[in-house]
Amino acid sequence: AEVTVTETVPAGFSALDPEQTVTLEAGNNAVLFVNVPAAPEVADLTVIKLNCIEEIDPAPITPATVLDGELPAGCDLAEGVGFAATDATGAEVGSGATEDGLLVFDDLPFGTAVTVTETVPRFFRALEGEQTATIGEDESLIFVDVRGRGQVQAIKYFCGDQDRVDETEFF
């Protein structure tokens, strides 16, 4: 007789051949089942970083258009901007700096809420410096900074044996 044997795969494993059919012969018959650890469901999160020279509305910008090379007027992909990603418990799941305007957090588990925070470059202002994504498939987040208006940094050094008499005023 033909007999079909079906296994119920244990949690965390994947069956190489979960259902097998054999024709019974005289004596003992055997069917071999092999399971391997199931690959975790993971996805990548791509951070896209734009610096712009003036105020823009980031809403119409999509990751797909930026990745296709279509940048808004006056905006450039930013190099070397730092980002950190944390999960819902506050534990860091990744960090790094942009290269060619991109940073990829690899192999984040499905269903994880990840908060990505940027280190805003000097003399820029973040339009949205912290964003959250729930990992369900490969996703992207866009961070847009604009050049700060009217920002001037004044640094005063006292050198040698000069005595600092009063506060220094700047105009």
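The values are calculated or read from the model by the stated rules, or taken from the named source; none is laboratory data. As the structure is a computational prediction, the values presented were derived from the model and not from experiment. FYI the Cβ positions are ideal-geometry reconstructions off the backbone, even for glycines, and counts take in every protein chain you see. For accessibility, only protein heavy atoms count, side chains too; no ligands or nucleic acids. Shrake-Rupley method; radii C 1.70, N 1.55, O 1.52, S 1.80 Å.
Data for the structure
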| quantity | calculated |
| --- | --- |
| Test set (1) touching a residue at least 60 places away in the same chain (Cβ under 8 Å); (2) under 30 Å from Ala38 (Cα atoms); (3) open to solvent by less than 60 Å² (accessible area, probe 1.4 Å) - Phe124 fails condition number | (2) |
| The listed residue being at positive phi and touching a Lys or Arg at 6+ places or on another chain (Cβ under 8 Å), out of Phe123, Phe143 | Phe123 |
| Search result, residues across the range 110-125 that are part of a strand (DSSP E or B) and out of contact with any Ser or Thr (no Cβ under 6 Å at 6 or more places or on another chain) | Val114, Val116, Thr117, Glu118, Phe124, Arg125 |
| Residue ranges of strands (runs of 3 or more DSSP E) in the range 1-109 with at least 2 members under 21 Å from the mean Cα position of the chain (by Cα), surrounded by 14 or more Cβ atoms within 10 Å (Cβ to Cβ) and free of Cβ contacts under 8 Å to residues at least 60 places away in the same chain | 82-86, 92-97, 102-109 |
